[in-house]
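Structure, as structure tokens:
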Amino acid sequence: MPIDAAGVLGAAPRVREIAWDHKDVQLYHLGVGAGRPATDPRELRYTLESRLHVLPSFATVAGGDAPGVIRALSVPGVDVDLAHVLHGGQRLRLHRSLPVRGRATAASRVVAAYDKGTAAVLALRTEVTDADGPLWTDEAEVYVRGEGGWGGERGPSGRPSPPPAGPPDHVVERALREDQALLYRLSGDWNPLHADPEFAARAGFERPVLHGLCTYGATLKTVVDTLLDGDVSRVRAYRTRFAGVVYPGETLRVRMWGPAGAGGAGAGEVRVAVSAVERDDAPVLADTVVRYG
């Protein structure tokens, strides 16, 4: 059987050492669309080493290791075709602000395996700790078509919730580069789905698609810049569900329900929905929440 649920859940955590510096952070920021306009002081916080701060979603690529989707597939008990794999969702909880340079230990394990009948869903949790204690916890949800049916627990519904009622407080459009996926993959996600037209066609797409985590990072940057005055240190947690694909060169429409300045020094959350402008506002991120403090 391609997925041995008992073996997957019983596997020991995979522990690895990771490290990063300002060049990794700057490359990631460019990969999610930072640096336009290049001389804008607000953008220089993402691109110039003397002013650099770290967008929290950098945690998904820190260390240049394979993303959570790939790590979940490397667990004993999983043997599936990468073309059948989709990234279902992502969660991130920050214990401290991410440093520009760091060295840490990352421990990853599959904490849930759900049987959807025609598909399997794996949840991979990674705990990252440095010399000063816990840094962040993230969780990737991996959807594998054609690998269900072993009679396991079905798990929570995968249906996205509708966006909040009423018009959004803010709407921002972000144009993506034609080579956005080629730039983003330099941070470590080498899945050919995002670069090779033949592989993308085998997976059922008309052309290579953008990494879901690139959209995830671009969306967080939009929220931070629009509602948190560019203060990345205020982000406490961030979650999303991937509701549809994005193609490089498209425009993201980011709708936000939350006050400008996000409550001053207080804590709260921003609800977000993201769609592709050129495809009649086709949803691409749903159930998206940024918690701040």
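Kindly indicate whether V172 is aliphatic (A, V, I, L, M), out of contact with any Lys or Arg (no Cβ under 6 Å at 6 or more places or on another chain) and under 25 Å from A12 (Cβ atoms).
So V172 does not fit the description; no.
Condition check: hydroxyl-bearing (S, T, Y), within 18 Å of the chain's Cα centre (by Cα) and closer than 30 Å to A6 by Cβ. Does T137 satisfy that?
yes
Only residues that are surrounded by fewer than 22 Cβ atoms within 10 Å (Cβ to Cβ) and closer than 20 Å to W136 by Cα: list them for the range 44-54, please.
Matches in the range 44-54: L52, H53.
What are the residues in the range 223-249 that are surrounded by fewer than 22 Cβ atoms within 10 Å (Cβ to Cβ) and within 14 Å of E173 (Cα to Cα), if any?
Selection gives D225, T226, G249.
Mind listing whichever residues of the range 108-147 are modelled with pLDDT under 95, in contact with a His (Cβ under 8 Å, 6 or more places away or on another chain) and open to solvent by 10 Å² or more (accessible area, probe 1.4 Å)?
E141, Y143, R145, G146, E147 - these are the residues of the range 108-147 that are modelled with pLDDT under 95, in contact with a His (Cβ under 8 Å, 6 or more places away or on another chain) and open to solvent by 10 Å² or more (accessible area, probe 1.4 Å).
Do you know which residues across the range 166-177 are open to solvent by 40 Å² or more (accessible area, probe 1.4 Å) and part of a strand (DSSP E or B)?
H170, V171, E173, R174, A175
Would you check if G166 is modelled with pLDDT of 90 or more and at positive phi?
The answer is yes for G166.
Using beta carbons and a limit of 7 Å, which pairs, at least six apart or on different chains, have the first residue in the range 146-159 and at negative phi and the second one polar (S, T, N, Q) and open to solvent by 60 Å² or more (accessible area, probe 1.4 Å)?
G148/T118
Please tell me if V75 is modelled with pLDDT under 85, assigned to a loop (DSSP other than H, G, I, E, B) and either at negative phi or open to solvent by 30 Å² or more (accessible area, probe 1.4 Å) (or both).
When the stated conditions are applied, V75 passes them.
Would you mention how many residues in the range 271-292 are farther than 15 Å from L252 by Cβ and more than 17 Å from the chain's Cα centre (by Cα)?
1
Select from the range 178-234 the residues that are aromatic (F, W, Y) and in a loop (DSSP other than H, G, I, E, B) and write down the one among them that is nearest to the chain's Cα centre (by Cα).
Looking at residues that are aromatic (F, W, Y) and in a loop (DSSP other than H, G, I, E, B), I get W190.
Does G264 satisfy the condition of being at positive phi, at pLDDT 95 or above and of a type outside the set (A, V, I, L, M, F, W, C)?
Criteria not met by G264.
The values are calculated or read from the model by the stated rules, or taken from the named source; none is laboratory data. Everything numeric in this text was worked out from a predicted model, so none of it was measured. Every residue, glycine among them, receives a Cβ derived from its backbone with ideal geometry; neighbour counts consider all protein chains shown. SASA here: full protein model, heavy atoms, side chains in, ligands and nucleic acids out. Shrake-Rupley method; radii C 1.70, N 1.55, O 1.52, S 1.80 Å.
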